[in-house]
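Here the structure comes first, spelled out in structure tokens, and everything after it is commentary.
Bear in mind these aren't lab numbers, they're just calculated from the coordinates by the rules spelled out. Computed from a prediction, not measured in an experiment: that's the story for all the values here. Neighbour counts are summed over all protein chains in view; Cβ atoms, including those assigned to glycine, are modelled from backbone coordinates with ideal geometry.
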Amino acid sequence: MPTPLTVVPFAAVAGMAEFFSATGAALQVPNLQQLLNLLKPARWFLLPQEAPLAPHEQALLELAWPDHAHAAAPASFAALTALRHGMTVAEGDGWALVAPSHLHITTDSIALHDPAALQLAPVHNAALREALAALWAEEGLTLHPLPDGRWLASADWLAGLCTPSADRAVSQDVRTLMPELGATRHLQRLQTEAQMLLHEHPVNDERAAQRLPPVNVLWFSGTGVVPNAPETALATLRHVDLEPGLRGAALAGDFQSWASAWRQWDASSGARLLQAVRAGEPIALLLAGERNAVLLQPRKASPLRLWRAHWQRWRGIDPVTTLLSAL
């Protein structure tokens, strides 16, 4: 039976060290501090600057399909998501995650707002999905709603595409992240059709009346290939607990709220994991930042290890800061 895995995306964010230094605050996570004295890095996931996926997404793909980790074509994170939601996924399928989104366009940049912060009402979400499903009815593309407001798209022609994750693109100039247009010409055409439909859709009229930003783009991500044995990946995912509580504040650059979300995580999941480790239960913890991720598993207790942890506390060495600075 696979070891239960807790995944914490955005465990570290750019600028956190400067924030704590300027404010004199500290990250109050006592349970995590104790956990890090009982856990050891079992594996690092180091992503290049141009990687299309967020570190937690890449790590989950490599854990689900370890034989595909170094393949030329990336595995599909959208297919993993489909598996997690009970959908049938077969080798060679084409999948994508689709997020109704807003692009803020200026003369100097094109920035993606966080799709999760769009405040799109469920009835509006459904209306847009139905309109786009009708628009694309002859493209072999099917849209499936997800509980978080995103959609899963399935179509043969999505297989093998490489599109950047929304978690990588938010607040950045997306022109630097877009793949070669030639490889996604079909998708680009559909995006153009969608933008015309969105511009005239009553949902955006209602949003304008409420002074909310319009939905002016559909962010496709998580594309790639479905390797063999998706049922093996599903068996791994059944034991994965993905905890996104830090995400919103991290992407918004709200360090106060991010630190508060860490405290909440520490008091709940952190306390639970610490109790499990002390009881000798098998657990794994994946902490992911904006650049890298690390998989942590229990280490064997020893008097030397306990002495070293005590010495580090006496010297003022914070294992949390040390680890997060590497993410």
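How much length is gained if the chain between S109 and D67 is pulled fully straight, taking 0.36 nm per residue apart and subtracting their Cα-Cα distance, in nm to one decimal? Intermediate results must be reported in sequence, preceding the final value.
Details: separation 42, 0.36 × 42 = 15.12 nm, distance 3.86 nm.
Between S109 and D67, full extension yields 11.3 nm more.
Basic side chains Lys and Arg get +1 at the Cβ, acidic Asp and Glu get -1 at the Cβ, and with that the dipole of segment 72-221 about its Cα centre reaches some 220 debye. For the chain, the membrane-span-like helices by this rule, meaning whole DSSP H stretches whose C-alpha atoms cover at least 18 Å of axis and whose Kyte-Doolittle mean is -0.5 or above, are 122-135; this says nothing about an actual membrane. By DSSP, what percent of the beta bridges with both residues in the chain are antiparallel, rounded to the nearest 5? The antiparallel fraction comes to roughly 75 percent. Structural descriptor for the chain: relative contact order 38 percent, calculated from alpha carbon pairs under 8 angstrom and at least 6 residues apart. Farthest toward the dipole's positive end in the chain, which of T163, P115, S268, given Cβ charges of +1 (Lys, Arg) and -1 (Asp, Glu) about the Cα centre? Towards the positive end, the residue furthest out is S268.
Longest exposed-loop-site-free stretch of the chain, with trypsin sites (Lys or Arg not before Pro), DSSP loop and at most 15 other Cβ within 10 Å?
That would be 1-210.
Mean-square fluctuations from a GNM of the chain, with a 10 angstrom spring cutoff on Cα atoms, peak among G253, G160, G94 at G253.
Springs between Cα atoms under 10 Å define the GNM used for the chain, and in it the highest mean-square fluctuation of D148, D266, D108 occurs at D108. Exposed loop sites were defined as GluC sites (Glu not before Pro) in DSSP loop states (anything but H, G, I, E or B) carrying at most 16 other C-beta atoms within 10 Å; in the chain the longest segment without such a site runs 181-327.
With a simple spin-label model that places each label point 7 Å from the Cα along the Cα-to-Cβ direction, the separation between Q49 and H199 comes to 3.5 nm. Each label was represented as a point 7 Å from its Cα along the Cα-to-Cβ direction; for A131 and Q275 these points are 4.9 nm apart.
Ordering Q172, F220, M16 by Cα displacement along the dipole of the chain toward the positive end leaves M16 in first place; charges were set at the Cβ atoms of Lys, Arg (+1) and Asp, Glu (-1).
Placing +1 on each Lys and Arg Cβ and -1 on each Asp and Glu Cβ, with no other charges, gives the chain a dipole about its Cα centre of roughly 1620 debye.
Could you work out the relative contact order of segment 14-123, using alpha carbon pairs under 8 angstrom and six or more residues apart, expressed as a whole percent?
After rounding, I find 11 percent.
Think of the chain as having a plus end and a minus end, set by charges on the Cβ of Lys, Arg, Asp and Glu; of P52, T142, L323, L323 sits farthest toward the positive end of this dipole.
The calculated FRET efficiency for the pair R185 and S257, based on their C-beta separation and a Förster distance of 45 Å, comes to about 0.65.
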